[in-house]
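K.L.:
First, the structure itself, so that you have it in front of you.
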Amino acid sequence: MRAAWYEKQGPARDVLVVGEMPDPRPAAGEVRIRIAASGINPGDIKKRQDAFGYGMAYPRVIPHSDGAGQVDQVGEGVSSQWIGRSVWCYGAQSYRPFGTAAEFAVVPLDHVAPLPAGVAPDQGACLGIPGITAHRAVHVGGAVAGLTILVQGAGGAVGICAVQLARHAGARVIGTVRSSTEEPLARTAGAHDVILNDQTLVERVKALAPGGIDHIVEVAFGANIDDDVEMLKMGGSIGAYATDSATPKIPFWQLVFKNIRVFCLGSDDFPTEAKVAATRDLNDALHAGWPGFEIGERVPPELVSSASPRAKFKTSRTPLPKTRPEPR
(Lines give C-alpha, C1' and ligand atoms only; values in the text may rest on other atoms or scores of the structure.)
Protein backbone atom coordinates (compact mmCIF):
# COMPACT_ATOMS: atom_id res chain seq x y z
CA MET A 1 0.00 0.00 0.00
CA ARG A 2 0.98 3.63 -0.39
CA ALA A 3 1.50 5.42 2.91
CA ALA A 4 3.12 8.39 4.63
CA TRP A 5 5.27 7.68 7.69
CA TYR A 6 8.09 8.97 9.87
CA GLU A 7 10.87 7.23 11.78
CA LYS A 8 12.10 10.30 13.65
CA GLN A 9 10.35 13.35 14.99
CA GLY A 10 10.58 16.85 13.59
CA PRO A 11 9.17 19.17 10.91
CA ALA A 12 7.00 17.42 8.34
CA ARG A 13 9.19 18.29 5.37
CA ASP A 14 12.22 16.84 7.17
CA VAL A 15 10.81 13.58 8.51
CA LEU A 16 7.74 12.48 6.53
CA VAL A 17 8.30 9.83 3.87
CA VAL A 18 5.77 8.75 1.24
CA GLY A 19 6.32 5.29 -0.18
CA GLU A 20 5.18 1.67 -0.32
CA MET A 21 4.56 -0.62 2.67
CA PRO A 22 3.07 -4.12 2.96
CA ASP A 23 -0.71 -4.19 3.12
CA PRO A 24 -1.92 -4.66 6.74
CA ARG A 25 -4.22 -7.52 7.77
CA PRO A 26 -6.89 -7.23 10.46
CA ALA A 27 -6.45 -9.27 13.63
CA ALA A 28 -9.31 -10.64 15.72
CA GLY A 29 -11.86 -7.95 16.49
CA GLU A 30 -10.47 -5.57 13.86
CA VAL A 31 -11.49 -4.31 10.44
CA ARG A 32 -9.43 -3.03 7.55
CA ILE A 33 -10.58 0.18 5.90
CA ARG A 34 -9.64 1.27 2.41
CA ILE A 35 -9.05 4.91 3.29
CA ALA A 36 -10.69 7.57 1.11
CA ALA A 37 -9.72 10.54 3.30
CA SER A 38 -7.45 10.94 6.34
CA GLY A 39 -7.93 13.83 8.74
CA ILE A 40 -4.96 15.85 9.99
CA ASN A 41 -5.46 17.15 13.54
CA PRO A 42 -3.27 19.43 15.67
CA GLY A 43 -2.61 16.45 17.95
CA ASP A 44 -1.10 14.50 15.04
CA ILE A 45 1.31 17.36 14.41
CA LYS A 46 2.26 17.60 18.10
CA LYS A 47 3.06 13.88 18.21
CA ARG A 48 5.30 14.20 15.17
CA GLN A 49 7.02 17.27 16.58
CA ASP A 50 7.36 15.69 20.07
CA ALA A 51 5.64 18.73 21.56
CA PHE A 52 5.21 17.07 24.96
CA GLY A 53 8.57 15.31 25.15
CA TYR A 54 7.28 11.73 25.03
CA GLY A 55 9.56 10.65 22.19
CA MET A 56 8.86 7.92 19.66
CA ALA A 57 6.68 5.13 21.05
CA TYR A 58 7.22 3.06 17.89
CA PRO A 59 10.15 2.85 15.44
CA ARG A 60 7.87 3.77 12.52
CA VAL A 61 4.64 5.77 12.69
CA ILE A 62 1.96 6.25 10.06
CA PRO A 63 0.29 9.41 11.39
CA HIS A 64 -3.34 10.54 11.75
CA SER A 65 -5.99 9.10 14.01
CA ASP A 66 -9.08 10.00 11.99
CA GLY A 67 -10.22 8.77 8.61
CA ALA A 68 -13.06 7.51 6.45
CA GLY A 69 -13.47 4.95 3.71
CA GLN A 70 -14.87 1.49 3.08
CA VAL A 71 -14.33 -1.73 5.02
CA ASP A 72 -12.73 -4.34 2.76
CA GLN A 73 -11.57 -6.99 5.24
CA VAL A 74 -12.60 -8.13 8.72
CA GLY A 75 -10.77 -10.08 11.39
CA GLU A 76 -11.92 -13.09 13.34
CA GLY A 77 -15.06 -12.44 15.34
CA VAL A 78 -16.26 -9.55 13.18
CA SER A 79 -19.38 -10.02 11.07
CA SER A 80 -18.78 -10.17 7.33
CA GLN A 81 -21.72 -7.77 6.98
CA TRP A 82 -19.24 -4.96 7.65
CA ILE A 83 -17.45 -5.65 4.34
CA GLY A 84 -18.31 -2.97 1.80
CA ARG A 85 -19.78 -0.56 4.33
CA SER A 86 -18.79 3.11 4.27
CA VAL A 87 -17.43 4.09 7.68
CA TRP A 88 -15.50 6.70 9.60
CA CYS A 89 -12.93 5.81 12.24
CA TYR A 90 -11.09 7.40 15.15
CA GLY A 91 -8.14 6.58 17.37
CA ALA A 92 -6.31 4.73 14.60
CA GLN A 93 -2.97 6.03 15.88
CA SER A 94 -3.83 6.14 19.58
CA TYR A 95 -1.57 3.63 21.37
CA ARG A 96 -0.99 2.09 17.93
CA PRO A 97 1.80 2.73 15.41
CA PHE A 98 -0.13 2.95 12.15
CA GLY A 99 -2.83 5.54 11.52
CA THR A 100 -4.90 6.56 8.53
CA ALA A 101 -2.33 8.34 6.31
CA ALA A 102 -2.27 5.30 4.05
CA GLU A 103 -4.35 3.43 1.51
CA PHE A 104 -5.40 0.99 4.24
CA ALA A 105 -5.86 1.31 8.01
CA VAL A 106 -6.60 -1.45 10.49
CA VAL A 107 -8.56 -0.50 13.61
CA PRO A 108 -10.59 -2.25 16.34
CA LEU A 109 -14.27 -2.51 15.50
CA ASP A 110 -15.21 -0.24 18.42
CA HIS A 111 -13.18 2.54 16.74
CA VAL A 112 -15.49 2.46 13.71
CA ALA A 113 -18.86 4.08 13.00
CA PRO A 114 -21.08 3.86 9.93
CA LEU A 115 -20.81 6.86 7.62
CA PRO A 116 -24.35 8.19 7.14
CA ALA A 117 -25.73 8.02 3.62
CA GLY A 118 -25.02 11.19 1.68
CA VAL A 119 -22.13 12.24 3.93
CA ALA A 120 -18.82 12.51 2.06
CA PRO A 121 -15.71 10.71 3.33
CA ASP A 122 -14.08 14.15 3.76
CA GLN A 123 -16.65 14.94 6.44
CA GLY A 124 -16.22 11.55 8.06
CA ALA A 125 -12.47 12.12 8.31
CA CYS A 126 -13.18 15.34 10.27
CA LEU A 127 -15.30 13.78 12.99
CA GLY A 128 -13.04 11.73 15.25
CA ILE A 129 -10.86 13.88 17.50
CA PRO A 130 -12.89 17.13 17.41
CA GLY A 131 -16.28 15.43 17.51
CA ILE A 132 -15.53 12.97 20.31
CA THR A 133 -13.67 15.64 22.31
CA ALA A 134 -16.62 18.00 21.92
CA HIS A 135 -19.13 15.36 22.96
CA ARG A 136 -17.21 14.54 26.13
CA ALA A 137 -16.70 18.25 26.90
CA VAL A 138 -20.46 18.83 26.63
CA HIS A 139 -21.68 15.74 28.50
CA VAL A 140 -18.93 15.01 31.06
CA GLY A 141 -20.81 16.79 33.84
CA GLY A 142 -24.12 15.04 33.19
CA ALA A 143 -27.28 15.51 31.14
CA VAL A 144 -27.58 18.96 29.54
CA ALA A 145 -31.19 19.11 28.37
CA GLY A 146 -32.71 22.36 29.60
CA LEU A 147 -29.36 23.75 30.79
CA THR A 148 -27.48 26.82 29.55
CA ILE A 149 -24.14 25.88 28.02
CA LEU A 150 -21.36 28.32 27.13
CA VAL A 151 -18.97 27.14 24.41
CA GLN A 152 -15.72 29.09 24.43
CA GLY A 153 -14.17 29.09 20.96
CA ALA A 154 -17.40 28.23 19.16
CA GLY A 155 -15.83 28.94 15.75
CA GLY A 156 -13.14 26.25 16.05
CA ALA A 157 -13.41 22.61 15.06
CA VAL A 158 -14.18 21.29 18.56
CA GLY A 159 -16.31 24.34 19.32
CA ILE A 160 -18.50 23.86 16.26
CA CYS A 161 -19.13 20.24 17.25
CA ALA A 162 -19.80 21.23 20.87
CA VAL A 163 -22.37 23.80 19.82
CA GLN A 164 -24.16 21.32 17.59
CA LEU A 165 -24.07 18.48 20.12
CA ALA A 166 -25.26 20.66 23.00
CA ARG A 167 -28.09 22.07 20.87
CA HIS A 168 -28.97 18.55 19.66
CA ALA A 169 -29.14 17.42 23.31
CA GLY A 170 -31.66 20.13 24.22
CA ALA A 171 -29.44 22.78 25.81
CA ARG A 172 -29.56 26.51 25.32
CA VAL A 173 -26.20 27.33 23.74
CA ILE A 174 -24.19 30.54 23.93
CA GLY A 175 -21.02 30.57 21.84
CA THR A 176 -18.02 32.86 22.09
CA VAL A 177 -15.81 33.67 19.10
CA ARG A 178 -12.52 35.46 18.57
CA SER A 179 -13.77 37.63 15.72
CA SER A 180 -17.00 38.49 13.93
CA THR A 181 -15.91 36.41 10.94
CA GLU A 182 -16.43 33.26 13.03
CA GLU A 183 -19.97 34.17 14.07
CA PRO A 184 -21.70 32.57 11.03
CA LEU A 185 -19.90 29.27 11.73
CA ALA A 186 -21.16 29.19 15.31
CA ARG A 187 -24.69 30.12 14.30
CA THR A 188 -24.77 27.50 11.55
CA ALA A 189 -23.67 24.94 14.13
CA GLY A 190 -26.72 25.86 16.22
CA ALA A 191 -25.74 28.52 18.77
CA HIS A 192 -28.73 30.47 20.07
CA ASP A 193 -26.49 33.46 20.84
CA VAL A 194 -22.96 34.32 19.70
CA ILE A 195 -20.76 36.97 21.33
CA LEU A 196 -17.18 38.13 21.05
CA ASN A 197 -14.75 37.01 23.74
CA ASP A 198 -13.55 40.47 24.71
CA GLN A 199 -13.51 42.73 27.77
CA THR A 200 -17.33 42.85 27.84
CA LEU A 201 -17.76 39.05 27.82
CA VAL A 202 -18.87 38.59 31.43
CA GLU A 203 -21.30 41.50 31.29
CA ARG A 204 -22.88 40.29 28.05
CA VAL A 205 -23.18 36.69 29.22
CA LYS A 206 -24.85 37.79 32.44
CA ALA A 207 -27.34 39.80 30.40
CA LEU A 208 -28.15 36.71 28.32
CA ALA A 209 -28.18 34.32 31.28
CA PRO A 210 -28.97 36.27 34.49
CA GLY A 211 -29.13 33.07 36.53
CA GLY A 212 -25.65 32.02 35.46
CA ILE A 213 -24.14 29.38 33.18
CA ASP A 214 -24.59 25.71 34.03
CA HIS A 215 -21.60 24.32 32.12
CA ILE A 216 -18.72 25.70 30.05
CA VAL A 217 -16.87 23.95 27.24
CA GLU A 218 -13.39 25.47 27.48
CA VAL A 219 -10.65 25.76 24.83
CA ALA A 220 -8.33 28.21 26.65
CA PHE A 221 -8.49 27.30 30.33
CA GLY A 222 -5.66 29.54 31.51
CA ALA A 223 -6.89 32.65 29.75
CA ASN A 224 -10.57 32.21 30.58
CA ILE A 225 -10.75 30.65 34.03
CA ASP A 226 -11.35 33.91 35.93
CA ASP A 227 -14.21 34.87 33.63
CA ASP A 228 -15.55 31.31 33.66
CA VAL A 229 -15.82 31.30 37.45
CA GLU A 230 -17.58 34.65 37.37
CA MET A 231 -20.15 33.42 34.81
CA LEU A 232 -20.88 29.97 36.28
CA LYS A 233 -23.73 29.44 38.71
CA MET A 234 -23.37 27.60 42.01
CA GLY A 235 -22.49 23.95 41.32
CA GLY A 236 -21.61 24.65 37.71
CA SER A 237 -18.92 22.82 35.77
CA ILE A 238 -16.17 23.23 33.18
CA GLY A 239 -15.10 20.69 30.57
CA ALA A 240 -11.61 21.87 29.55
CA TYR A 241 -9.92 20.19 26.60
CA ALA A 242 -7.15 22.73 25.95
CA THR A 243 -5.30 25.64 27.53
CA ASP A 244 -3.22 28.58 26.40
CA SER A 245 -0.85 28.07 29.35
CA ALA A 246 0.57 24.72 30.44
CA THR A 247 0.69 25.85 34.09
CA PRO A 248 -2.23 28.23 34.56
CA LYS A 249 -3.03 29.95 37.83
CA ILE A 250 -6.51 29.20 39.13
CA PRO A 251 -8.80 31.15 41.49
CA PHE A 252 -9.03 28.24 43.91
CA TRP A 253 -11.25 29.74 46.61
CA GLN A 254 -13.70 31.16 44.09
CA LEU A 255 -13.99 27.67 42.60
CA VAL A 256 -14.50 26.25 46.10
CA PHE A 257 -17.09 28.81 47.18
CA LYS A 258 -19.19 28.04 44.09
CA ASN A 259 -18.59 24.26 44.27
CA ILE A 260 -17.49 24.29 40.66
CA ARG A 261 -16.37 21.03 39.07
CA VAL A 262 -13.47 21.11 36.60
CA PHE A 263 -12.99 18.22 34.18
CA CYS A 264 -9.68 17.99 32.28
CA LEU A 265 -10.26 16.03 29.09
CA GLY A 266 -7.77 14.06 26.97
CA SER A 267 -9.52 12.33 24.07
CA ASP A 268 -7.19 9.33 23.77
CA ASP A 269 -8.26 8.13 27.21
CA PHE A 270 -11.99 8.71 27.29
CA PRO A 271 -14.01 5.65 28.38
CA THR A 272 -14.94 3.43 25.45
CA GLU A 273 -18.64 3.84 26.15
CA ALA A 274 -18.27 7.64 26.00
CA LYS A 275 -16.59 7.42 22.60
CA VAL A 276 -19.26 5.08 21.24
CA ALA A 277 -22.01 7.39 22.55
CA ALA A 278 -20.26 10.28 20.79
CA THR A 279 -20.27 8.45 17.44
CA ARG A 280 -24.00 7.81 17.76
CA ASP A 281 -24.82 11.42 18.60
CA LEU A 282 -22.55 12.80 15.86
CA ASN A 283 -24.22 10.54 13.29
CA ASP A 284 -27.64 11.54 14.63
CA ALA A 285 -26.71 15.19 14.16
CA LEU A 286 -25.64 14.52 10.57
CA HIS A 287 -28.87 12.62 9.90
CA ALA A 288 -30.79 15.58 11.32
CA GLY A 289 -29.19 17.95 8.81
CA TRP A 290 -26.06 19.29 10.47
CA PRO A 291 -23.81 20.25 7.52
CA GLY A 292 -20.57 19.43 9.34
CA PHE A 293 -17.31 21.21 8.54
CA GLU A 294 -15.74 23.38 5.93
CA ILE A 295 -12.67 21.45 4.76
CA GLY A 296 -9.40 23.32 5.27
CA GLU A 297 -7.66 21.91 2.20
CA ARG A 298 -7.33 18.65 0.30
CA VAL A 299 -3.93 17.27 -0.57
CA PRO A 300 -2.66 14.14 -2.33
CA PRO A 301 -0.11 11.88 -0.60
CA GLU A 302 2.88 13.55 -2.24
CA LEU A 303 2.03 16.88 -0.61
CA VAL A 304 1.05 15.66 2.86
CA SER A 305 4.21 17.16 4.39
CA SER A 306 2.93 20.64 3.53
CA ALA A 307 -0.62 20.16 4.80
CA SER A 308 -2.01 22.14 7.73
CA PRO A 309 -4.06 20.82 10.66
CA ARG A 310 -7.65 20.06 9.65
CA ALA A 311 -6.55 19.34 6.09
CA LYS A 312 -7.64 16.12 4.47
CA PHE A 313 -5.00 13.73 3.16
CA LYS A 314 -6.54 12.01 0.15
CA THR A 315 -5.51 8.56 -0.96
CA SER A 316 -6.19 9.56 -4.54
CA ARG A 317 -2.96 10.20 -6.45
CA THR A 318 -4.55 13.07 -8.34
CA PRO A 319 -3.95 16.55 -6.86
CA LEU A 320 -7.11 18.08 -5.45
CA PRO A 321 -8.12 21.74 -5.25
CA LYS A 322 -7.69 23.70 -2.05
CA THR A 323 -10.72 25.21 -0.35
CA ARG A 324 -11.16 28.01 2.16
CA PRO A 325 -9.18 27.33 5.36
CA GLU A 326 -11.23 25.92 8.21
CA PRO A 327 -10.95 27.66 11.60
CA ARG A 328 -8.98 25.73 14.21
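K.L.:
Scan region 181-210 residue by residue and report those that are without any contact (Cβ under 8 Å) to a residue 60 or more places away in the chain and more than 23 Å from the chain's Cα centre (by Cα).
P.N.:
Of everything in region 181-210, those that are without any contact (Cβ under 8 Å) to a residue 60 or more places away in the chain and more than 23 Å from the chain's Cα centre (by Cα) turn out to be Asp198, Gln199, Thr200, Leu201, Val202, Glu203, Arg204, Val205, Lys206, Ala207, Leu208, Pro210.
Here is a yes/no grid of residues against (1) closer than 17 Å to Val217 by Cβ; (2) at pLDDT 95 or above; (3) part of a loop (DSSP other than H, G, I, E, B):
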residue	(1), (2), (3)
Trp253	no, yes, no
Val256	no, yes, no
Phe263	yes, yes, no
Ala278	yes, yes, no
Ser305	no, no, no
Thr318	no, no, yes
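K.L.:
Still on this model: Taking region 10-24 as the search range and keeping residues that are under 20 Å from Ala125 (Cβ atoms) and modelled with pLDDT under 95, which one is surrounded by the fewest Cβ atoms within 10 Å (Cβ to Cβ)?
P.N.:
Among residues in region 10-24 that are under 20 Å from Ala125 (Cβ atoms) and modelled with pLDDT under 95, the one surrounded by the fewest Cβ atoms within 10 Å (Cβ to Cβ) is Val18.
K.L.:
A follow-up question, please. Take residues that are in contact with a helix residue (DSSP H, G or I) (Cβ under 8 Å, 6 or more places away or on another chain), more than 23 Å from Val262 (Cβ to Cβ) and of a type in the set (A, V, I, L, M, F, W, C) and tell me which of the strands (runs of 3 or more DSSP E) falling wholly in region 70-168 contain 1 or more.
P.N.:
Hits in region 70-168: 86-89, 112-114.
K.L.:
Something else about it: Considering only residues of region 142-180 that are farther than 14 Å from Glu218 by Cα and hydrophobic (A, V, I, L, M, F, W, C), which is nearest to the chain's Cα centre (by Cα)?
P.N.:
Result: Leu165.
K.L.:
Sticking with this one: Mind listing just one residue for me: the one in region 137-158 that is surrounded by fewer than 24 Cβ atoms within 10 Å (Cβ to Cβ) and in contact with a Phe, Trp or Tyr (Cβ under 8 Å, 6 or more places away or on another chain) and, of those, farthest from Gly69 (Cα to Cα)?
P.N.:
Among residues in region 137-158 that are surrounded by fewer than 24 Cβ atoms within 10 Å (Cβ to Cβ) and in contact with a Phe, Trp or Tyr (Cβ under 8 Å, 6 or more places away or on another chain), the one farthest from Gly69 (Cα to Cα) is Gly141.
K.L.:
Let me ask you something else. Ala125 - would you say it is surrounded by fewer than 24 Cβ atoms within 10 Å (Cβ to Cβ) and under 16 Å from the mean Cα position of the chain (by Cα)?
P.N.:
no
K.L.:
Another question, then. Just name the residue that is farthest from the chain's Cα centre (by Cα) out of those in region 213-251 that are hydrophobic (A, V, I, L, M, F, W, C) and assigned to a loop (DSSP other than H, G, I, E, B).
P.N.:
The extreme case among them is Ile250.
K.L.:
Just for region 25-42: of the residues that are out of contact with any Gly (no Cβ under 6 Å at 6 or more places or on another chain) and hydrophobic (A, V, I, L, M, F, W, C), which one is surrounded by the most Cβ atoms within 10 Å (Cβ to Cβ)?
P.N.:
Here is the first cut: in region 25-42, the residues out of contact with any Gly (no Cβ under 6 Å at 6 or more places or on another chain) are 25, 31-32, 37, 39-42.
Of the ones still in play, those that are also hydrophobic (A, V, I, L, M, F, W, C) are 31, 37, 40.
On the way: Val31: 24, Ala37: 25, Ile40: 27.
My answer is Ile40.
K.L.:
Here's another thing I want to ask about it. Can you give me the number of residues within region 56-84 that are closer than 26 Å to Pro130 by Cβ and loosely packed, with under 15 Cβ neighbours inside 10 Å? Show your work before the answer.
P.N.:
Quick first cut of region 56-84, residues closer than 26 Å to Pro130 by Cβ only: 56-58, 61-71, 82.
Filter once more, keeping what is loosely packed, with under 15 Cβ neighbours inside 10 Å: 57-58.
Summing the residues that are closer than 26 Å to Pro130 by Cβ and loosely packed, with under 15 Cβ neighbours inside 10 Å in region 56-84 gives 2.
The rows are residues; the columns are (1) part of a loop (DSSP other than H, G, I, E, B); (2) among the hydroxyl-bearing types (Ser, Thr, Tyr); (3) under 23 Å from Ala113 (Cβ atoms).
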position: Gln9; (1), (2), (3): yes, no, no
position: Arg13; (1), (2), (3): no, no, no
position: Val18; (1), (2), (3): no, no, no
position: Val31; (1), (2), (3): no, no, yes
position: Phe52; (1), (2), (3): yes, no, no
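The values are calculated or read from the model by the stated rules, or taken from the named source; none is laboratory data. Given the structure is predicted, the values throughout are model-derived calculations rather than measurements. Note that each Cβ is placed from the backbone with ideal geometry, even for glycine, and that neighbours are counted across all protein chains shown.
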